[in-house]
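Colleague: Mind having a look at this structure? Questions to follow.
The values are calculated or read from the model by the stated rules, or taken from the named source; none is laboratory data. In this text the structure is predicted, and so the values were computed from the model without any measurement. Methodologically, a virtual Cβ is constructed for each residue, glycine included, from the backbone with ideal geometry; neighbour enumeration extends over all protein chains shown. Ligands, DNA and RNA are excluded from the accessible area calculation, which covers all protein heavy atoms including side chains. Shrake-Rupley method; radii C 1.70, N 1.55, O 1.52, S 1.80 Å.
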Amino acid sequence: MSSAIELDGVRQVFHVRDRQGRRQQFVALEGLDLSIRAGELFVLVGPSGCGKSTVLDLISGLNRPAAGSIRVGDRVVDQPGLDRGFVFQQYTLLPWRTAQGNVEFALEAAGGLSRRERRERARQYLDLVGLDEFADRYPHELSGGMKQRVAIARSLSYEPEVLLMDEPYGALDAQTRERLQRELLAIWRRTGTTIVFITHDIDEAVFLGQRVGVMSSRPGRIKAVVDIDLDRDHPDQDVRSTPEFARHRHQVWSLLRSDLETVDDPARAEAEEVGRVA
Amino acid sequence: MPDLLLERTAARPNPRQEEAAEVTAAPRLGTGLASLARGLTGIVLLAAIWEIAPRVGLVNDYFVPPLSQVAQAWWDLARSGELLRHLEASVVRSATGFGLALALAIPLGAAVAWYRPVREVLTPPLELFRNTAALALLPVFVLILGIGETSKIAIVTYACFFPVLLNTISGVGNVDPQLLRSARVLGLSPVATFRKVVFPAALPTIFTGIRIAGAAAVLVLIAAEMIGATAGLGYFINYAQNNFLIAPMYAAILTTSALGLAVNYGLVALERRLSRWRA
């Protein structure tokens, strides 16, 4: 099962205080339109602080937008739900439960399964992420990469239609990250779930994404959506060294770069600052 | 170089190496034995001083009898059943007061941490009570509740209440927001979130309060029993002193120390059982 996601004219505003202690409004997102197809692996990149995570919080239903609408499948999002799974950068495993217990935790929340069914389902998803042997380990006994795989197993276990991933590999070392990226592609092909993946790593975006959305910052909106056309089906081939990969990478890089330059320009940055707090 | 610095900076495998080899660093061989021997030395030395100092006339042996005489007195008290009677009275009171305090403080602390209006209304009065010494209120408790069991249980409850309450508030209030976010994403109800996420996460902090309360329960009770009671270790210590039963007095004092130790180690063991998931 998978669902399309539709964001329409989304605006998000936070209450903040500046250095002088004056209360202000911080416009995080403004007029953001985005449609993600059902079953797609969509990657969102953007400079840090551009509002990538804010978009994900809105799709998850953790927060409500100040204006605009968000739809997942045929429902309007107004609260969190089990049709959407969320993988956080900081793993967020319960430290007092084993890997198995952490997956079961999600299934307990979902309800409708007996204790035995939960145990079997948890096993099945730990198996999917290659951790069946580590089911009885506590989080502190697992490496960062393993913890993140448990978190992914937990989010997939209740079979959501959409999987939201907020820089899930940001805290991992390069080799582990590459392995998990390949695993994610395999899991995505097998489950067919719609995945929205946030990163600030251009290589990761191009490697994973069927399409890559590039965000501009302050206020955040979608600047461009790049179609990535890569043949990732040959396991022996180093996709990252192909000319197509380099071309896509450069394309995304240039889009991000032009956004950075406007911020580097002091006069324009200041103008933006004024616009932001207005 | 201080040992602490040496130990904490000693050569050891880093976490990645430990993980790759599936091992954990061990202290050097023999350190455990040496520290056990030193720990015994301290206690044996103390006992020896207590035994010898009165005998050679360093202290008046009428006011501080040698340890062997105290031990003899303790044995006599234990055999006659008198010690058990007082110990039982004290244990029942402190356990009741302690249990009551937990039953009141944990739910209240959770409510204070979870609901802003509860917090805002209750914080000022709680601060006021917290800074009032339990024993200063003993006369009030006696006036209102009489000199029977109730007033002594009440004062123990009062003394145990605040450490547990304050640690529950801080434990529940400081649960990792990321865990709360993941609970919300899963659509967990507030009750289920509390039961499955917040309470287990807060438990180590709550337990710190419970341990402080355990020590306070014994401490405050002994003092209360000295003021008004007809049984209990505190009463007996006071009674023995008034009647110049000096060796039995020390025997009773040692019994309170043993009780305090037992409570503390019992709670530490329980805490360890409940937090086996930690490194």
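Colleague: Among B:F199, B:F207, which is the only one that is of a type in the set (A, V, I, L, M, F, W, C) and under 14 Å from the mean Cα position of the chain (by Cα)?
Modeller: Step by step, each of B:F199, B:F207 is checked, and only B:F207 is of a type in the set (A, V, I, L, M, F, W, C) and under 14 Å from the mean Cα position of the chain (by Cα).
Colleague: Residues that are crowded, with 21+ Cβ neighbours inside 10 Å, more than 14 Å from chain A (Cβ to nearest Cβ) and in contact (Cβ under 8 Å) with a residue 12 or more places away in the chain: which helices (runs of 4 or more DSSP H) entirely in region B:137-244 hold 3 or more of them?
Modeller: In region B:137-244, the matching helices (runs of 4 or more DSSP H) lie at B:149-173, B:199-227, B:233-242.
Colleague: Any residue at all in region A:36-59 that is in a helix (DSSP H, G or I), under 30 Å from B:T24 (Cβ atoms) and more than 14 Å from chain B (Cβ to nearest Cβ)?
Modeller: Scanning region A:36-59 turns up no residue that is in a helix (DSSP H, G or I), under 30 Å from B:T24 (Cβ atoms) and more than 14 Å from chain B (Cβ to nearest Cβ).
Colleague: Test each condition in (1) within 14 Å of chain B (Cβ to nearest Cβ); (2) closer than 25 Å to A:R189 by Cα; (3) in a loop (DSSP other than H, G, I, E, B) for A:G130 and report the one that comes out false.
Modeller: Only one criterion is unmet by A:G130, namely (1).
Colleague: Hey, among the residues in region A:90-100 that are at the interface with chain B (Cβ under 9 Å from one of its Cβ atoms) and within 30 Å of A:H200 (Cα to Cα), which one's most open to solvent (accessible area, probe 1.4 Å)?
Modeller: In this case the residue turns out to be A:Q90.
Colleague: Right, here's the next one. Having 1 or more residues that are of a type in the set (A, V, I, L, M, F, W, C) and over 16 Å from the mean Cα position of the chain (by Cα) is the bar; report the strands (runs of 3 or more DSSP E) wholly within region A:178-233 that clear it.
Modeller: A:221-227
Colleague: I want to confirm something. Restricting to region A:215-253 and keeping residues that are among the small types (G, A, S) and either free of Cβ contacts under 8 Å to residues at least 40 places away in the same chain or not assigned by the TED database to the domain that holds A:E40 (or both), which single residue is surrounded by the most Cβ atoms within 10 Å (Cβ to Cβ)?
Modeller: A:A224
Colleague: Scan A:V150, A:V87, A:V162, A:V103 and give me the residue that is in contact with a Gly (Cβ under 8 Å, 6 or more places away or on another chain) and either crowded, with 21+ Cβ neighbours inside 10 Å or among the small types (G, A, S) (or both).
Modeller: Among A:V150, A:V87, A:V162, A:V103, only A:V162 is in contact with a Gly (Cβ under 8 Å, 6 or more places away or on another chain) and either crowded, with 21+ Cβ neighbours inside 10 Å or among the small types (G, A, S) (or both).
Colleague: Can I ask one more? Output the residue which, of all residues in region B:257-279 that are within 12 Å of chain A (Cβ to nearest Cβ) and open to solvent by less than 90 Å² (accessible area, probe 1.4 Å), is farthest from B:I206 (Cα to Cα).
Modeller: In this case the residue turns out to be B:W277.
Colleague: Step by step: first the residues of region B:126-136, then only those that are in a helix (DSSP H, G or I) and closer than 13 Å to B:A223 by Cα, then the one that is nearest to the chain's Cα centre (by Cα). Which residue is that?
Modeller: Among residues in region B:126-136 that are in a helix (DSSP H, G or I) and closer than 13 Å to B:A223 by Cα, the one nearest to the chain's Cα centre (by Cα) is B:A134.
Colleague: Examine region A:178-200 for a residue that is over 27 Å from B:G187 (Cβ atoms), open to solvent by 20 Å² or more (accessible area, probe 1.4 Å) and among the polar types (S, T, N, Q), and state whether such a residue exists.
Modeller: No, region A:178-200 contains no residue that is over 27 Å from B:G187 (Cβ atoms), open to solvent by 20 Å² or more (accessible area, probe 1.4 Å) and among the polar types (S, T, N, Q).
So that you can scan it fast, the table gives a plain yes or no per residue for (1) surrounded by fewer than 20 Cβ atoms within 10 Å (Cβ to Cβ); (2) part of a loop (DSSP other than H, G, I, E, B); (3) more than 13 Å from chain B (Cβ to nearest Cβ):
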site: A:N63; (1), (2), (3): yes, yes, no
site: A:R71; (1), (2), (3): yes, no, yes
site: A:Q79; (1), (2), (3): yes, yes, no
site: A:G112; (1), (2), (3): yes, yes, no
site: A:R123; (1), (2), (3): yes, no, yes
site: A:R154; (1), (2), (3): no, no, no
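Colleague: Report yes if some residue within region A:170-177 is closer than 16 Å to A:D83 by Cα and either under 15 Å from the mean Cα position of the chain (by Cα) or crowded, with 24+ Cβ neighbours inside 10 Å (or both); otherwise report no.
Modeller: no
Colleague: Condition check: touching a Ser or Thr at 6+ places or on another chain (Cβ under 9 Å) and on the phi > 0 side of the Ramachandran plot. Does A:G85 satisfy that?
Modeller: So A:G85 fails the test.
Colleague: Being surrounded by 22 or more Cβ atoms within 10 Å (Cβ to Cβ), in contact (Cβ under 8 Å) with a residue 24 or more places away in the chain, touching a helix residue (DSSP H, G or I) at 6+ places or on another chain (Cβ under 6 Å) and more than 14 Å from chain A (Cβ to nearest Cβ): is that true of B:V112 here?
Modeller: yes
Colleague: Every residue in region B:152-177 that is under 21 Å from the mean Cα position of the chain (by Cα), of a type in the set (G, A, S) and more than 17 Å from B:V218 (Cβ to Cβ), please.
Modeller: The answer is B:S170, B:G171.
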